[in-house]
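Contents: one structure, followed by commentary.
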Amino acid sequence: MMKAKSLRFRMMLLFCSVVGVLLASSYLAFWGLLSHEVPTQLNRQLLETARPIIADLMSEPKGQDVNRLDIPGEFFELLDPAGRVLQQSKNLTAPMDLKGISPQVSRPTFGIASLRNGESVRIAFIPFQQAAQPRVLVLAIPTLGTNAVLESFGSVALLLFAVSLLFTAGISAFYVGRSLAPITALTEHAALMAKRVTNREGFWTPLAVSSPHDELGQLAATFNHLLQGVDSAVRQLRQFVTDASHELRTPLAVLHGETELLLSKQRSAEEYRKTLCMFDDEFKKLTRIVEGLFTLSMADAGQLHLVCEPIYINEVLEEACALVTSRARAKDIRIARKLDEEVAYFGDEAFLHQLFLIFLDNAIKYSPNGTTVRVKLENLDGSIRARFEDEGIGISSEHLPLIFDRFYRAAPSSNGEAHSGGLGLAIAQAIVRALDGSMECESTPGVGSTFAVILPLTQPREEPFENLPKQKLILR
């Protein structure tokens, strides 16, 4: 808040300084213009007044026209080149004090003089020829009014300048405060978000955007987008930590317990071998969990990068079926495949392989002994459809919307074998989304479940499919 007040004060000071400089410049310019224009107008008035008098003096050289003049507010003297007064108007009781101005001029000259009573006058020296003799007509008019105008203007200008600065300060305080209000609110909002960052329910709440089309509105919208991204990243981090701690706890506890039991007394070689085999199973389970969590965390961050290449998707699915054959035989489960048609596809072979294994593992895991798992691949209307149908325990309707949530299990595994810890379908969903595909699930409790993966049929961008080998070696 102190920094905000300091910024507000600096902005007000800057605004008032700029306005003050502009006002001072304007007043000085107007003062200069007025100071120049007033003497100019007086000089023009002196020339117009002198013109008929000079004409009379030139027409009547011996006349005493100047001596007879008695015009209120106008004073006249007729001088020779040496400055001697030849004639003067009746309203002059003594020669004017010319303030050192020489009457020897060749063109009209203007200046300031004073009368005997000390009154300041504007004076003009106008040279002319009278009967072939050089003469100078000195004409003066009082400057009391003009000086008063200039002095009054100066006083009023100073007063207006002070009032204008005060008015400007008030306006700037209001305007700057109103302009900085969104920034102040943004600062307070960000500080509140920083305090709430440890809140488990999320710390981000959007900042109100009152004017979305101006710069401050766009700034607020940008901060909302930023805070939303930070909140999403924090949620993902919390989710990852929660998922990891939740799933790693059980295998680690098993390893710890078995290690303590193994070290509690002397064991035979066979007991050591069985324990090490159990360790190997738990380590494999840990490896699958860590890999699954890593895949999900990359998907959450939008960084699940696919290495796409031209492949035959039927061969990838055939390889996945071959890998789970031994597990299926252990439960006397038959895998019925319909993969005769070659289906060219452009995608990531590793992720597709992992995707198919997840559905095959689940089908075998939740199917009773002596059943059949059917796998079918179709190319329909510009899309590829892979179906996995089992004769397992099925999934009830209330569980169906939740089966893709992490660590959610609609039913326990029938034999306690190692699995992905409830992450399989969540990983499958992340992979399918990365491939711009979709998934479908139909299930009837006690009858079985059917999962379908629909992928858009894309065209290869690099190596043509004709260059791929028609058959791959499949180990069984």
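Where does each of Y27, Y175 land when they are ordered by accessible area, with a 1.4 Å probe and the largest first? The partial results should precede the final answer.
Working: Y27 55, Y175 140 Å².
Largest accessible area first, the list is Y175, Y27.
Using a 1.4 Å probe and ignoring any ligands, DNA or RNA, find the accessible area of H225 and quote it in Å² to the nearest 10.
140 Å²
Probe radius 1.4 Å, ligands and nucleic acids ignored: give me the carbon and sulfur share of the accessible area of the range 268-354 as a rounded percent. Could the numbers behind the result be given before it?
Numbers: 2470 of 4570 Å².
Carbon-and-sulfur percentage of accessible area, whole number: 54.
Using the heavy atoms of the protein chains alone and a 1.4 angstrom probe, what is the accessible area of the range 243-402 per residue in square angstrom? Could you put the intermediate results ahead of the total?
On the way: 8300 Å² over 160 residues.
Result: 52 Å² per residue.
Determine the principal axes of the Cα atoms in the range 301-347, then give the extent along each, sorted from largest to smallest and rounded to whole angstroms.
Between the extreme Cα coordinates on each principal axis of the range 301-347 lie 40, 31, 11 Å.
With a 1.4 Å probe and every protein chain kept in, tell me what percent of the accessible surface of the range 15-61 is carbon plus sulfur. All intermediate terms of the calculation are to be shown ahead of the outcome.
Numbers: 2030 of 2910 Å².
Carbon-and-sulfur percentage of accessible area, whole number: 70.
Using a Förster distance of 41 angstrom, determine the FRET efficiency expected from the C-beta separation of M278 and K338, and round it to 0.05. Write down the numbers at each step before the final one.
Numbers: r = 38 Å, r/R0 = 0.94.
With R0 = 41 Å, the Cβ-Cβ based efficiency is 0.60.
Modelling each spin label as a point 7 Å along the Cα-to-Cβ direction, I'd like the T325/R68 distance in nm, to one decimal.
Distance between label points: 14.6 nm.
Each residue of the range 281-290 in turn: what ³J(HN,Hα) in whole Hz from Karplus with 6.51, -1.76, 1.60 and θ = phi - 60°, glycine and Pro shown as x?
With the stated coefficients, the range 281-290 comes to 4, 5, 5, 5, 4, 4, 4, 5, 5, 5 Hz.
Ignoring everything but the protein chains, give the 1.4 Å probe accessible area of M298 in square angstrom, nearest 10.
50 Å²
The values are calculated or read from the model by the stated rules, or taken from the named source; none is laboratory data. This is a predicted model, so every value here is computed, not measured. Note that we place each Cβ from the backbone using ideal geometry, even for glycine, and neighbour counts take in every protein chain shown. Side chains are part of the model used for accessible areas, which takes the heavy atoms of the whole protein and leaves out ligands, DNA and RNA. Shrake-Rupley method; radii C 1.70, N 1.55, O 1.52, S 1.80 Å.
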